[in-house]
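**Student:** Got a structure for you, questions after.
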Amino acid sequence: MVTIQKKLRFWGMLLTFVLLASVILGACAQPTSTSVTPVTLTIADALQPSSLDIATEYEAAAMAVNRVVYERLVRYKGNSTEIEPELASSWDVSTDGLTYTFHLRQGVKFHDGTPFNAEAVKFSFERMLAINQGPAWMFSAIDSIQAVDDNTVKFILKQPFSAFLPVLANIWGTGIISPTAVTSNTVNSDNAQAYMQDHMVGTGPYKFVEWVHGDHITLERNMDYWGGWPESADGKPIDKVVIRFITEPATQRLTLEQGDLDIAMNISVDDLAAVSKEAGLVLVEEPSMMGTYIRFNMTKAPLDNKNVREAIRYALDYKSIIDKIMLGHAVEMQGPAAIGLPGHNDNLPVFSQDLQKAKELMAASGVQTPINLEYVYETGQEDRRMVGELLQANLAEIGINLTIHTLPWESIWARVSAEDKSQTPDLTANGWWPDYADVQDYLYPMYHSSQWPPASLNIGFYGNPQVDQLLDQALAENDATARNAMYEKAQQLIVDDVASLDLYQKTMTIMMHDWVKGFVYNPIYTEAFNIYDMRISK
Amino acid sequence: MLNQLLRRILLSLIALIGITLLVFILSHVVPGDPARLAAGPQAREAQVESVRKEYGLDKPLPQQYLIYMSDLFQGNLGKSLQSRRPVSEDLVDYFPATLELTLAATLLAVIGGIAFGILSAVHKNEWIDHLTRVISLGGVSIPVFWLGLVLVLIFYRALGWLPFGGRLDPSLSPPVHITGLYILDSLLTANWQTLGSSIAYLILPAVTLAFSSLGVVSRMTRASLLDTLQEDYIRTARGKGLQERLVLMRHALKNALIPVTTIVGLQFGGLLGGAFLVEVIFSWPGLGTYAMKAIMFLDYNGIIGVTLLTGLVFMIVNLLVDLTYLTIDPRIRAQ
């Protein structure tokens with residue numbers, strides 16, 4: 001009898017003790033850290049990278065860490081797509097466009113102390129090409145890499161590739177990795193892939209500290225950074241970066257409001273208006289180059305008839321898409337390529353609904369109405385579902401019955417890449433974002449006739465020999481002005497041929513506290529921050 | 001008894017193999033191409049092919065299953081498509097978080113549930129009984145997601161008493177990985193700072209998770225205790241002049257807890273599943289977070305790994321419950 005009572009008393013006391021201890025220890029935990037509090041920037045991201053290996057990583061989630069731990073030969077400047085030096089101090093391009101020579105910055109060291117030199121550049125790229133995963137396709141133009149001397153490295157291309165510098169400035173596959181870290185951690189000639197999965201050894205302003213899987217990645221300031229740490233009136237430089245993986249937008253919102261986060265990347269669109277009204281919180285909203293569009297199956301009647309396609313173009317209510325579906329967090333596209341990319345044609349028309357014109361075009365087409373068409377979008381893309389419903393209502397006005405189907409991307413792909421082109425839906429919604437800042441990354445895979453599925457994403461089977469020729473020529477043209485003229489011409493032709501309905505570019509929305517200073521958004525480094533230039537002023 | 005135990009273990013193993021087959025078939029009939037998902041939306045055909053080869057996804061389905069099973073019997077759970085490392089390593093990283101949360105919630109549910117149950121039974125139909133019944137009913141019927149957010153709004157946002165989001169203050173490094181349970185590892189390494197922080201971070205999610213089971217345990221204890229209090233031997237005990245407290249604690253409770261033990265075993269399984277939802281709200285880096293990503297990526301090995309482990313834990317816990325009967329109930333021991 002007594003034993004049970006004793007036991008109960010024991011457990012009761014233990015519980016009380018644990019609760020008490022937790023409160024006391026919890027309280028103690030805070031003040032001890034005030035002795036030398038590092039200036040910390042805490043960012044919430046819904047997505048966790050799969051891996052940290054610069055050679056294989058090809059997903060938005062890894063962008064933030066890669067941008068500041070690794071450095072590239074060249075980078076995009078500030079908020080633009082202009083190329084500026086990073087680890088290369090200057091470069092020359094041979095007149096035939098086949099040889100790129102980079103003169104490297106001197107006195108740079110990797111985080112493990114290894115000196116940075118031409119061999120390291122050669123080593124990094126050869127490792128990435130040997131592993132041949134993720135971003136490797138972007139570098140298929142490279143024939144060989146030569147370390148001419150310690151500070152000079154040469155890239156020899158197989159054929160001229162005018163987008164080579166923009167490719168080198170992108171985040172994927174371009175970071176220079178410490179050769180010592182790779183060779184000393186290679187197991188079974190795996191190029192240190194197992195080790196680099198959760199380690200990073202670069203030259204950047206921040207060093208990798210730890211990755212607690214599912215929870216966070218911590219980086220710390222590289223005090224030996226070659227760029228130094230200039231004083232700024234804006235506030236203190238950031239000593240420590242914590243990127244927390246918080247999937248639930250409501251959780252991000254609460255922790256941001258409470259001040260446990262400095263930056264939240266995934267506040268729900270429905271909450272943005274309310275959150276941005278709160279004192280001390282700032283909404284940064286910038287255009288992205290993420291385009292959403294609908295492609296016509298141009299091989300199949302009645303969409304092989306240009307008048308029908310054009311009638312659909314004028315029937316669509318673009319304004320409602322931006323205002324009511326995207327709630328203003330998007331801008332309408334201007335032609336088939338994203339606004340803001342070098343080579344984008346700024347003189348193209350931006351369309352708005354004109355039902356009268358649409359009806360006239362339908363009549364001129366000679367096609368008997370009513371006609372039945374199928375619209376297909378990828379499951380889970382809610383905005384594309386709503387666009388489909390709007391389009392359905394709009395097309396009813398010109399005698400077209402639209403049926404809407406949703407499929408997983410694999411099934412869409414199976415239908416667009418089928419041998420029998422009548423399998424391909426009449427209208428397919430899709431989206432695209434550029435890997436690097438060149439309009440070529442938009443136009444070539446989606447509008448060159450050699451890129452019909454399964455080769456690539458010309459899912460409407462568009463083909464115009466003149467466009468093909470312009471795109472091929474531009475690829476080999478090293479003079480930017482001449483190249484852009486070709487691209488602009490190609491975009492005009494694509495719009496004239498009514499190959500697609502170009503819908504909208506979403507905006508990036510990031511919420512942050514006003515004590516975070518100096519953030520500059522770059523439209524290519526969409527999910528990354530210029531942490532080196534950023535300051536905290538509390 | 002030993003025979004029975006061995007039979008139970010054997011049956012459990014067969015059930016586990018059944019689970020692998022079921023999950024394998026279910027996850028493969030879902031339309032989708034995991035190789036393409038893993039290679040990324042802009043990957044070229046050749047790269048998708050190479051991923052497919054690397055993970056053996058190009059082989060016929062029965063052959064894939066046989067390969068998986070033969071690897072499994074050698075203790076190899078395969079490589080995860082989403083994290084690109086062995087599933088076993090992922091489970092070692094993520095499972096302890098879920099286990100810690102589930103254990104804490106079970107402890108709260110059992111202690112709180114039994115205490116409420118006793119109070120209710122003793123003060124049957126008094127206000128305290130009504131109150132605990134309302135709380136229990138609430139526990140069973142309130143959605144975890146809603147309860148979690150409300151608790152967060154009160155104790156984190158409004159009062160600022162408890163931290164929220166994750167397992168540990170992000171400025172601290174986790175304790176040395178011994179068991180992966182932060183509280184235990186902090187104690188073992190005498191790291192008081194991480195101990196305090198990990199307990200503080202555990203309170204809200206554990207209470208949220210425990211709430212529904214607390215209701216069930218408390219209802220069960222109440223009903224079972226009331227039944228037992230009607231028994232003849234209780235009347236005898238009272239008749240011989242024992243104090244009511246002793247009658248309750250020594251004579252009634254011990255017998256009343258036998259059905260409660262069964263419920264606790266089953267509840268543990270429920271809590272393990274419920275933890276997945278709680279993890280999302282509290283950004284708790286456990287198996288739920290991992291499983292969600294595995295499902296999104298159609299990461300077959302990841303999905304089967306999670307299911308197998310959860311099944312295994314559930315079976316072990318229920319075996320333990322059976323063993324507990326032996327200690328609680330001499331009648332079973334005698335059989």
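The values are calculated or read from the model by the stated rules, or taken from the named source; none is laboratory data. On a predicted model such as this, the values are computed, not experimentally measured, just so you know. In this analysis, Cβ positions are derived from the backbone assuming ideal geometry, glycine residues included, and neighbour counts consider all displayed protein chains.
**Student:** Could you grab the pairs with beta carbons closer than 9 Å, sequence gap of 6+ or different chains, first residue in the stretch A:66-86 and over 13 Å from A:Leu341 (Cα atoms), second one in a loop (DSSP other than H, G, I, E, B) and basic (Lys, Arg)?
**Tutor:** A:Glu84/A:Lys77; A:Pro85/A:Arg105; A:Glu86/A:Arg72; A:Glu86/A:Arg105
Quick grid of which residues meet (1) within 11 Å of another protein chain (Cβ to nearest Cβ); (2) farther than 22 Å from A:Arg67 by Cα; (3) surrounded by 14 or more Cβ atoms within 10 Å (Cβ to Cβ):
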{"residue": "A:Pro237", "(1), (2), (3)": "no, no, yes"}
{"residue": "A:Thr251", "(1), (2), (3)": "yes, yes, yes"}
{"residue": "A:Gln258", "(1), (2), (3)": "yes, yes, yes"}
{"residue": "A:Met265", "(1), (2), (3)": "no, no, yes"}
{"residue": "A:Ala274", "(1), (2), (3)": "no, yes, no"}
{"residue": "A:Leu281", "(1), (2), (3)": "no, yes, yes"}
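**Student:** Considering only the stretch A:154-194, state which residues are of a type in the set (Ser, Thr, Tyr) and closer than 24 Å to A:Phe139 by Cα.
**Tutor:** Correct list: A:Ser162, A:Thr174, A:Ser178, A:Thr180, A:Thr183, A:Thr186, A:Ser189.
**Student:** Considering only the stretch A:345-360, state which residues are within 16 Å of A:Leu391 (Cα to Cα) and acidic (Asp, Glu).
**Tutor:** Selection gives A:Asp354 alone.
**Student:** Still on this structure, please answer the following. Restricting to the stretch A:283-307, name every residue that is among the hydrophobic types (A, V, I, L, M, F, W, C) and surrounded by 14 or more Cβ atoms within 10 Å (Cβ to Cβ).
**Tutor:** A:Leu283, A:Val284, A:Met289, A:Met290, A:Ile294, A:Phe296, A:Met298, A:Leu303
**Student:** Would you please name the residue that is farthest from the chain's Cα centre (by Cα), looking only at residues in the stretch B:271-289 that are modelled with pLDDT of 85 or more, part of a helix (DSSP H, G or I) and of a type in the set (Gly, Ala, Ser)?
**Tutor:** B:Gly288
**Student:** Then there is this: Only residues that are within 14 Å of chain A (Cβ to nearest Cβ) and either crowded, with 16+ Cβ neighbours inside 10 Å or within 26 Å of B:Glu244 (Cβ to Cβ) (or both): list them for the stretch B:123-162, please.
**Tutor:** B:Val144, B:Leu147, B:Gly148, B:Leu149, B:Leu151, B:Val152, B:Phe155, B:Tyr156, B:Leu162
**Student:** So which residues in the stretch A:98-116 are under 29 Å from the mean Cα position of the chain (by Cα), within 17 Å of A:Leu73 (Cβ to Cβ) and not in a strand (DSSP E or B), if there are any at all?
**Tutor:** If the condition is that a residue be under 29 Å from the mean Cα position of the chain (by Cα), within 17 Å of A:Leu73 (Cβ to Cβ) and not in a strand (DSSP E or B), then A:Arg105, A:Val108, A:Phe110, A:Phe116 are the ones that fit.
**Student:** Of the residues B:Leu246, B:Leu195, B:Leu187, B:Leu202, which is within 25 Å of B:Asp90 (Cα to Cα), without any contact (Cβ under 8 Å) to a residue 40 or more places away in the chain and facing chain A (nearest Cβ under 9 Å)?
**Tutor:** Exactly one of B:Leu246, B:Leu195, B:Leu187, B:Leu202 is within 25 Å of B:Asp90 (Cα to Cα), without any contact (Cβ under 8 Å) to a residue 40 or more places away in the chain and facing chain A (nearest Cβ under 9 Å), namely B:Leu195.
**Student:** So which of A:Ala315, A:Ala273, A:Ala279 ends up being of a type in the set (A, V, I, L, M) and in contact (Cβ under 8 Å) with a residue 24 or more places away in the chain?
**Tutor:** Exactly one residue qualifies, and that residue is A:Ala315.
**Student:** In the stretch B:163-176, how many are more than 8 Å from chain A (Cβ to nearest Cβ) and surrounded by fewer than 20 Cβ atoms within 10 Å (Cβ to Cβ)?
**Tutor:** Of the residues in that region, 1 qualify.
**Student:** Taking the stretch A:424-470, which residues are charged (D, E, K, R), part of a loop (DSSP other than H, G, I, E, B) and within 14 Å of another protein chain (Cβ to nearest Cβ)?
**Tutor:** A:Asp435
**Student:** Go through the stretch B:182-195 residue by residue and tally those that are more than 20 Å from the chain's Cα centre (by Cα) and part of a helix (DSSP H, G or I).
**Tutor:** 7
**Student:** Of the numbered conditions (1) part of a helix (DSSP H, G or I); (2) more than 9 Å from chain A (Cβ to nearest Cβ); (3) in contact with a Pro (Cβ under 8 Å, 6 or more places away or on another chain); (4) in contact (Cβ under 8 Å) with a residue 40 or more places away in the chain, B:Thr179 fails exactly one; give the number of that condition.
**Tutor:** Condition (1) is where B:Thr179 drops out.
**Student:** From the list A:Ser90, A:Ser80, exactly one residue is modelled with pLDDT of 90 or more, surrounded by fewer than 23 Cβ atoms within 10 Å (Cβ to Cβ) and either of a type in the set (Val, Ile, Thr) or within 24 Å of A:Asn151 (Cβ to Cβ) (or both). Which is it?
**Tutor:** Exactly one of A:Ser90, A:Ser80 is modelled with pLDDT of 90 or more, surrounded by fewer than 23 Cβ atoms within 10 Å (Cβ to Cβ) and either of a type in the set (Val, Ile, Thr) or within 24 Å of A:Asn151 (Cβ to Cβ) (or both), namely A:Ser90.
**Student:** Inspect all residues belonging to the stretch A:524-536 and state whether any of them is outside any strand (DSSP E or B) and either farther than 30 Å from A:Ala233 by Cβ or out of contact with any helix residue (DSSP H, G or I) (no Cβ under 9 Å at 6 or more places or on another chain) (or both).
**Tutor:** Within the stretch A:524-536 (the criterion being outside any strand (DSSP E or B) and either farther than 30 Å from A:Ala233 by Cβ or out of contact with any helix residue (DSSP H, G or I) (no Cβ under 9 Å at 6 or more places or on another chain) (or both)), the answer is yes, since at least one residue qualifies.
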